[in-house]
Amino acid sequence: MTKGTNCCDTADTTKDEVKEYYGKTLQHSDDLKTNACCTGDIYPAYVKDAMKLIHDEVMQKYYGCGLTIPHSLRGKRVLDLGSGAGRDCYLLSKLVGEEGEVIGVDMTDEQLDVANRHLDYHTEKFGYKKSNTRFIKGDIEKLNEINLEDNYFDVIVSNCVINLATDKEAVMREVYRVLKPGGEIYFSDVYSDRRVPKELVKDPVLYGECLSGALYWNDFINLSKKVGFHDPRNVESEVITIQNTELQEKVGDIKFFSVTYRLFKIAELEPSCEDFGQSVIYKGTIAETPESFQLDEHHLIKKGEEFKVCGNTFLMLNQSRFKEHFEFKGDMKTHLGIFEDCGESAPFSEDSKKSSCC
Ligand SMILES: C[S@@+](CC[C@H](N)C(=O)[O-])C[C@H]1O[C@@H](n2cnc3c(N)ncnc32)[C@H](O)[C@@H]1O
C-alpha cells in the first residue's frame, strides 16, 4: 500500500480534522451547524447549582449532547473521555468532593488549554485546598499510553465523543480495562438508525458535527457485548434535528439520536434479563434523588416500594456503588425463565402447535 492510503493514515487524517474542528473552527457552542453536539438538556437542581460555579469560558465551549452526571459520586474516581474545555469535569469535580478525583482526557491542545487555564479558579470556587482534577493530553483509543491503570475508575463519563473515535472498539476495550469491577461508563453519544455510508463518513463537517461517525445503534449494542458489557441500559434518548439544509440533504433519510447509555462492568451479567424472583427496595438515601431512583428508561424505583427485578438489574444495584442504598430480596439459586417485565418473552408458548414433522 502506498503512503497515504492505509488505514492508519486515514485514521490520523480524521483525527487531525477533528482536532482542527474543535481547536480552530469552533470557538463556542453557537458555531455548531446542528444540535447534534448540543441537545437541549433539562438539568436537575443539584447540577444547576454546580453549574453556576463554572467559569463562563468553559461554559461557552461546551459541545456535549446529554447529561453525563450520574448519581452518588461523592469520593469517587471519575474519568471523562474527550473532556474538551472541561465543563463536565468541573461539574464532576464539585460532585465528587475534595476527596474524590477527576481526570479528563482530550487530544486537542486548544480545548485542553481552556480547561487547564481555569483549574485554580474552580479549586477556589469549590472551596478546596488543592485541585482534585487533572487534564491529560491523550487519545481515548490508547489510554495505556497515558498510563491509566487497570481497574482504577469507579465511573467513566463521556459526552459526544466516542462517535468521533476512528476505532470505537479500542475505546470500549480500554474503558472496560480501566473501570473497577462494579464500575460503570455513563455516557451520551450520537447513534444512527442505520449504518452510515462511507462517503458521508469522509465528510469532515458531518464527522466533526458528531453525525457521520455515529454508530448504528445495534452495532453499538453488539460491540459493547463483545468487549464485556453484556447488558447496555438506555437512560435517555432524544432525536437530533439537523437544522441545516445542506447537511440535512447530505444525510437524506438517516435519522440520528442522542442517547445516554450506562454500562456496568459486572462479569456475571447475562445477555438477557432472566427471572430469579428477586426484588429490591430503594432506601431513599441518595441525596440528589431521595424520592426515587432512575436506573434507566424502564426502571424508576420509588423509595420504600418493593420493586421486582431481573437478575441483571439485581446485580447492577448489588455489585456497584448503589448497593448501600438498597435492600435486596432473593438470590440467583432458582431460575424462573425469562423476565417478561423487561419486555422479553419466550420464543414459543403453551399454545404453540405441535409439529408433526419427524
Ligand atoms: C463534541 S466535543 C465534546 C467535548 C466535551 N465532552 C464537551 O461536552 O464539551 C468532542 C471532543 O472530543 C475530543 N476527541 C475526539 N476524538 C478523540 C480521541 N480519539 N481522543 C481524545 N479526544 C478526542 C475532541 O478533541 C473534542 O474536544
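The values are calculated or read from the model by the stated rules, or taken from the named source; none is laboratory data. Quick caveat, the model's predicted, so the values are computed rather than measured. Using ideal geometry, Cβ is built from the backbone for each residue, glycine included, and neighbour counts are taken over all protein chains shown. The protein model used for the area step is the full one, side chains on, heavy atoms only, and it has no ligands, DNA or RNA in it. Shrake-Rupley method; radii C 1.70, N 1.55, O 1.52, S 1.80 Å.
Over 25 Å apart at the Cα level, from the set 125/180; 94/323; 52/130; 129/180; 15/142, are 125/180; 129/180. For the range 290-299, backbone phi angles converted through the Karplus equation (6.51, -1.76, 1.60; θ = phi - 60°) give residue-by-residue couplings of x, 8, 7, 10, 9, 7, 7, 4, 9, 10 Hz, Gly and Pro being listed as x. Note on the range 8-264: Kirkwood radius taken over Cα pairs, Stokes-Einstein applied at 20 °C and 1.002 mPa s, translational D equal to 118 µm² s⁻¹. Taking the range 265-295 and a reference point 7 angstrom along Cα→Cβ of residue 318, the backbone N atoms nearer than 11 Å belong to 276-280. Among the GluC sites (Glu not before Pro) in the range 118-156, those placed in a DSSP loop whose Cβ has at most 16 other Cβ atoms within 10 Å are 149.
Enter the accessible area per residue of the range 278-342 (Å², integer; probe 1.4 Å; all protein chains in place). Walk me through the numbers before you get to the answer.
Values: 3370 Å² over 65 residues.
In whole numbers, the range 278-342 has 52 Å² accessible per residue.
Extending 7 Å from the Cα toward the beta-carbon at both residue 226 and residue 344 defines two label points whose distance is 2.1 nm. Using only alpha carbon pairs under 8 Å that are at least six residues apart, calculate the relative contact order of the chain and give it in whole percent. Relative contact order for the chain comes out at 15 percent.
What does the charge count around residue 193 come to, taking other residues whose C-beta lies under 11 Å from its C-beta (Lys +1, Arg +1, Asp -1, Glu -1)? Provide the component values of the computation, followed by the final result.
Details: positive: 194, 195, 255; negative: 253.
That sum, taken over residues with Cβ under 11 Å, equals +2.
Each peptide in 69-78, 160-169, 215-224, 82-91 gets a packing score, the mean of other Cβ atoms within 10 Å over its residues, and the list from highest to lowest is 82-91, 160-169, 69-78, 215-224.
Could you tell me what percent of the DSSP beta bridges with both partners in the chain are antiparallel, to the nearest 5? Restricted to the chain, the bridges split so that about 55 percent are antiparallel.
Values of log10 I(q)/I(0) for the range 278-342 across q = 0.18, 0.26 Å⁻¹ run -0.61, -1.23, by the Debye formula with one identical scatterer at each alpha carbon and no solvent.
The apolar share of the surface of the range 278-342, taken as the fraction of accessible area on carbon and sulfur atoms (1.4 Å probe, ligands and nucleic acids excluded), comes to 46 percent. Comparing 94, 198, 225 in a Gaussian network model of the chain where C-alpha atoms under 10 Å apart are linked, the largest mean-square fluctuation is found at 198. Given bins 5 angstrom wide, list per bin the percent of all Cα-Cα distances in the range 180-229, short to long. Going out from 0 Å in 5 Å bins, the range 180-229 shows 5, 19, 22, 23, 14, 10, 5, 2 percent. Here the Gaussian network model covers the chain, with springs between Cα atoms less than 10 Å apart; of 334, 260, 133, 334 fluctuates the most. Scanning residues 5 or more positions from residue 183 or on other chains, those with amide H under 5 Å from its amide H are 265, with H placed 1.01 Å from N in the peptide plane. Could you work out the relative contact order of the range 7-166? I mean the mean sequence separation of Cα pairs under 8 Å and 6+ apart, divided by the number of residues, in percent. Rounded, it is 26 percent for the range 7-166. For the range 101-246, the dipole from Cβ point charges (+1 on Lys and Arg, -1 on Asp and Glu) about the Cα centre works out to 340 debye, to the nearest 20.
Measure off, as a whole percent, the carbon and sulfur share of the 1.4 Å-probe accessible area of the range 8-264, all protein chains present.
After summing per-atom areas, the C and S share lands at 47 percent.
Considering helices alone, the calculated mean residue ellipticity of the chain at 222 nm is -7500 deg cm²/dmol, with DSSP H runs of length four and up weighted by -39500 (n - 2.57) and normalised per residue. For the range 254-267, the Karplus equation 6.51 cos²θ - 1.76 cosθ + 1.60, evaluated at θ = phi - 60°, returns couplings of 5, 9, 10, 10, 9, 10, 9, 10, 10, 10, 9, 8, 9, 4 Hz by residue, with Gly and Pro reported as x. Sorting the segments 109-117, 292-300 by their mean number of nearby beta carbons within 10 angstrom, highest to lowest, gives 109-117, 292-300.
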